[in-house]
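S.K.: First the structure, which I've put down as structure tokens, then a few questions once you've had a look.
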Amino acid sequence: QVQLVESGGGLVQAGGSLRLSCVATGTIFRFNAMGWYRQAPGKQRDLVAAITRGGSTNYAESVKGRFTISRVYAKNTVYLQMNSLKPEGTAVYYCNTNPAESPFWGQGTLVTVSS
């Protein structure tokens, strides 16, 4: 059974940092590119960062230079380091494969950035 469990969210002031973690069970982590997505209130869920099996990364323009995605195979974990957070970064953050597979969506972790 595949499960993705996100953690690390919280309340942070603008300009602050957070590191999100996503632990994967099953085999999807080893055999797929992974991504971090976010959904702000009233908006669609968007991909913000992606990492291939080989470690190549891509970022949405809105987070480039501030967010860093990484993966550790030994821990079946993908991370998202978020620096210089902005209030518009307030959202529920999810991890999934890239492209995303509907059955793998977890509960996400809420990030709230205060101004």
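S.K.: What percentage of the solvent-accessible surface of the chain, computed with a 1.4 Å probe over protein heavy atoms, is contributed by carbon and sulfur atoms?
M.R.: Details: 2950 of 6100 Å².
For the chain, the apolar C and S fraction of the accessible surface comes to 48 percent.
S.K.: If the only charges are +1 at each Lys and Arg Cβ and -1 at each Asp and Glu Cβ, what is the size of the charge dipole of the chain around the Cα centre, to the nearest 20 debye? Let's see the in-between values first.
M.R.: Details: 11 positive and 5 negative charges, 44 e Å.
Dipole size: approximately 220 debye.
S.K.: Give me the net charge for the shell around L110: Cβ to Cβ below 12 angstrom, other residues only, Lys and Arg +1, Asp and Glu -1. Before the final figure, lay out the partial values.
M.R.: Details: positive: R38; negative: E6.
Residues near L110 contribute 0 overall.
S.K.: Trypsin sites (Lys or Arg not before Pro) within segment 37-71: which are DSSP loop residues with at most 11 other Cβ atoms inside 10 Å?
M.R.: On the way: sites: R38, K43, R45, R53, K64, R66, R71; in loops: K43, R53, K64, R66.
Hits after loop and neighbour filter: K43, K64.
S.K.: Per-residue ellipticity at 222 nm for the chain, helices alone: DSSP H runs ≥ 4 residues times -39500 (n - 2.57), over residue total, nearest 500 deg cm²/dmol?
M.R.: On the way: 1 runs with 4 residues, N = 115.
Calculated at 222 nm, the ellipticity per residue is -500 deg cm²/dmol.
S.K.: What lysines could a cross-link reach from K43, if we take a straight Cα to Cα line under 28 Å and drop same-chain neighbours fewer than 8 places away?
M.R.: Reachable lysines: K64, K86.
S.K.: For a paramagnetic label modelled at 7 Å from the Cα of E61 toward its Cβ, which residues of segment 75-114 fall within the zone defined by backbone nitrogen distances under 11 Å?
M.R.: It comes to no residues whatsoever.
S.K.: Per residue of segment 106-115, in order, report the coupling 6.51 cos²θ - 1.76 cosθ + 1.60 (Karplus, θ = phi - 60°) as ³J(HN,Hα) in whole Hz, putting x for Gly and Pro.
M.R.: For segment 106-115, the Karplus-derived couplings read x, 7, x, 9, 7, 10, 10, 10, 8, 8 Hz, x marking Gly and Pro.
S.K.: To make sure I understand the rule: partners must be aspartates and glutamates, Cα under 18 Å from the Cα of K75, and not fewer than 8 residues away in the same chain. Which ones qualify?
M.R.: E6
S.K.: Could you give each residue of segment 80-91 its phi-based ³J(HN,Hα) in whole Hz, using Karplus coefficients 6.51, -1.76, 1.60 with θ = phi - 60°, and x for Gly or Pro?
M.R.: Coupling constants for segment 80-91: 9, 8, 10, 10, 6, 5, 10, x, 5, x, 5, 5 Hz.
S.K.: Oh, and also: Once the other residues with Cβ under 12 Å from the Cβ of F67 are scored (Lys, Arg +1; Asp, Glu -1), what is the net sum?
M.R.: Details: positive: R19, R38, K64, R66, K86; negative: E61.
Within the 12 Å Cβ shell, the charges total +4.
S.K.: Using a cut-off of 15 Å between beta-carbons, work out the net charge of the residues near I28 (Lys and Arg +1, Asp and Glu -1, I28 not included). Mind showing how you got there, number by number?
M.R.: Numbers: positive: R30, R53, R71, K75; negative: E6, E101.
For residues surrounding I28, the net value is +2.
S.K.: How high is the relative contact order of the chain, given as a whole-number percent (alpha carbon pairs under 8 Å, six or more residues apart)?
M.R.: Values: 282 pairs, mean separation 42.2, N = 115.
Computed value for the chain: 37 percent relative contact order.
S.K.: What list of ³J(HN,Hα) couplings, whole Hz, do you get for segment 35-45 from phi and the Karplus terms 6.51, -1.76, 1.60, once you set θ to phi - 60° and write x for glycine and proline?
M.R.: For segment 35-45, the Karplus curve yields x, 9, 10, 9, 9, 7, x, x, 10, 6, 7 Hz.
S.K.: Between F31 and S102, what's the calculated FRET efficiency when r is the beta-carbon distance and R0 is 22 Å? Round to 0.05.
M.R.: Numbers: r = 18 Å, r/R0 = 0.80.
The formula returns an efficiency of 0.80 here.
The values are calculated or read from the model by the stated rules, or taken from the named source; none is laboratory data. What you see is a predicted model; the values in this text were computed from it and never measured. Note that we place each Cβ from the backbone using ideal geometry, even for glycine, and neighbour counts take in every protein chain shown. Remember, those area values only see protein heavy atoms, side chains included, never the ligands or the DNA or RNA. Shrake-Rupley method; radii C 1.70, N 1.55, O 1.52, S 1.80 Å.
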